[in-house]
């Protein structure tokens, strides 16, 4: 028996001009969701917040590498999750190079457990990261806002950046 489609496209945002954030808030009915990002920014990092939560409810652990050196990091008590970027890989700010990331949100709609976020990313000439993030909330995730800098509101995603959200049923 042939398997059905694994990823169901939910929404895609491709920027026609610079923008300070991208929001997804209509994605119910799936077990998990996955975001694919191809972006450039004028300010470096990328941060995510869920359901408008800006309290110190986020943590992350990750590995970084750039072909020459490797590193690891851990942070907790943050007001956002800097997934997928931190350390070696930063968003390209010029040229034709885009930062690429895959971000998995597990059990995002569960209202009895904290939420886990896994990400993998790479940017040409700057490196790669693999991270696990944690949002310490039992609320179902109903909104994802992506910002182009960990200093929320201080930068822009550049024209041509694309953010696509997929749903996974019965993962």
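The values are calculated or read from the model by the stated rules, or taken from the named source; none is laboratory data. A quick note: this is a predicted structure, and the numbers were derived from the prediction, not measured. Neighbour counts are summed over all protein chains in view; Cβ atoms, including those assigned to glycine, are modelled from backbone coordinates with ideal geometry.
For the stretch 33-45, which residues satisfy the criterion of being assigned to a strand (DSSP E or B) and surrounded by fewer than 19 Cβ atoms within 10 Å (Cβ to Cβ)?
Looking only at the stretch 33-45, we keep the residues that are assigned to a strand (DSSP E or B), and these are 33-39, 41.
Once the filter is applied, which keeps residues that are assigned to a strand (DSSP E or B) and surrounded by fewer than 19 Cβ atoms within 10 Å (Cβ to Cβ), the stretch 33-45 yields 36, 38.
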Tell me which of these residue 135 doesn't satisfy, since it passes every other one: (1) under 13 Å from the mean Cα position of the chain (by Cα); (2) crowded, with 17+ Cβ neighbours inside 10 Å; (3) closer than 23 Å to residue 13 by Cα. (3)
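Tell me the residue from 27, 50 that is surrounded by 14 or more Cβ atoms within 10 Å (Cβ to Cβ) and within 12 Å of residue 145 (Cα to Cα), please. Walk me through it before giving the result.
Values: 27 fails: within 12 Å of residue 145 (Cα to Cα).
Going through 27, 50 in turn, just one is surrounded by 14 or more Cβ atoms within 10 Å (Cβ to Cβ) and within 12 Å of residue 145 (Cα to Cα): 50.
Does at least one position in the stretch 18-33 carry a residue that is under 21 Å from residue 164 (Cα atoms), modelled with pLDDT under 80 and under 16 Å from the mean Cα position of the chain (by Cα)? Talk me through it step by step, then tell me what you get.
Going residue by residue through the stretch 18-33, those that are under 21 Å from residue 164 (Cα atoms) are 18-33.
Going one step further and asking which of them are modelled with pLDDT under 80, we end up with none.
No: the stretch 18-33 contains no residue that is under 21 Å from residue 164 (Cα atoms), modelled with pLDDT under 80 and under 16 Å from the mean Cα position of the chain (by Cα).
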